Each structure stands twice: as C-alpha cells, then as structure tokens.
Amino acid sequence: MGTARRVGWIDLVALRYAARLNTMTHLAITKLDVLSGLGPLRVCTRYRTPNGASFDEFPYHQTVLHHAGGEYDELPGWDDDLTECRSEDELPQAARDYLAFVADYVGVPIALISVGPGRDQIIWTEAGRQTAPFQRAALA
C-alpha cells in the first residue's frame, strides 16, 4: 500500500509570495483527496508576531518570520471520496469553494488538481486545458 498520504494546512501567505516571486502563471493542487473527512479546513491567511503585529504579506525579514505564528481562517470541509472525480463538476461544492478560495487569495488560477496517488487521478481545469498545449509546444 505504501506510506500514508498526509498533509498540513496550506499557508496561503507564503504561497502568494512564492507565486509572485517566481512569476507563476498556474497552480497545481495535489492531495485534495486527503482533505476529505477532516472537517473544517484551516488556511493560513496572515501571520502575527508575539507583540501583536499582523502581516497579510510575507514578512520583510526572516527574523520577523521566525517569531511569527500563522493565523488561520476556517473553510467548510467535505466527506465525499474524491478519488473517482475526473472533472471539477464532480467535486463536492465545498471542495470547489476551497479551490476557488486558494486561487483567489493567491491570485493565480489552478491548472491541475490531483485527487489520488495514481497518474490517472488528475483533474485538468479549464485554465489548465487552455495552457497545457502551449507549454508542451515550448518544451519541444
């Protein structure tokens, strides 16, 4: 069977910073199926330092980051098994809302969603289907 597929809560502040720094045009969301049944999902949307300063953006200096802790928003979870989903429409509404929240917060569309460990357990979003041919051509 292999190792259990585990995840932690997503840090959207760091992801938005990485997307901007690396000029990301699309996101790939992996292990969405592992979030099934976890109840409310927590997403880090800001950092707070011990003295009460709050940061919605990635801290300007690593010393600030080392002393800051994440603050989380909660989003509804879902209990459905996602491993057979092959289109966004087949995902539960709460999963689609979670993905929309991530994409909106980061400011980058999602191109691909994995719903299981298999290579065939992938959902290409509309943004991903539009981009994939161009990326394949660039690699040729």
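From most to least packed by mean Cβ count within 10 Å, the peptides 81-90, 33-42 give 33-42, 81-90.
Summarising the amide proton neighbourhood of Thr25: residues at separation of 5 or more, or on other chains, whose placed amide H is nearer than 5 Å comprise an empty set. Once Rg and the Kirkwood radius are both taken over the C-alpha atoms of the chain, their ratio Rg/Rh works out to 1.01. Residues in region 94-109 carry Karplus couplings, in order, of 4, 5, 5, 5, 4, 4, 5, 4, 4, 4, 5, 5, 6, x, 9, x Hz; the curve used is 6.51 cos²θ - 1.76 cosθ + 1.60 with θ = phi - 60°, and Gly or Pro positions show x.
In region 37-92, Cα pairs under 8 Å separated by at least six residues give a relative contact order of 44 percent. With contributions of -39500 (n - 2.57) from each DSSP H run of at least four residues, the per-residue ellipticity at 222 nm computed over the chain stands at -9500 deg cm²/dmol. Using C-alpha pairs under 8 Å with a sequence gap of at least 6, the mean separation divided by the residue count of the chain gives a relative contact order of 28 percent.
Here the 3J(HN,Hα) profile of region 37-47, calculated from phi with Karplus coefficients 6.51, -1.76 and 1.60 at θ = phi - 60°, is x, 8, x, x, 9, 9, 10, 6, 10, 6, 10 Hz, Gly and Pro shown as x. For the chain, modelled as a GNM with alpha-carbon contacts under 10 angstrom, which of Pro117, Pro92, Pro50 fluctuates the most? Greatest mean-square fluctuation among the candidates belongs to Pro50.
Coordinate-derived values only; no laboratory data. What you are looking at is a predicted structure, and each value in this text was computed from that prediction instead of being measured. Neighbour counts are summed over all protein chains in view; Cβ atoms, including those assigned to glycine, are modelled from backbone coordinates with ideal geometry.
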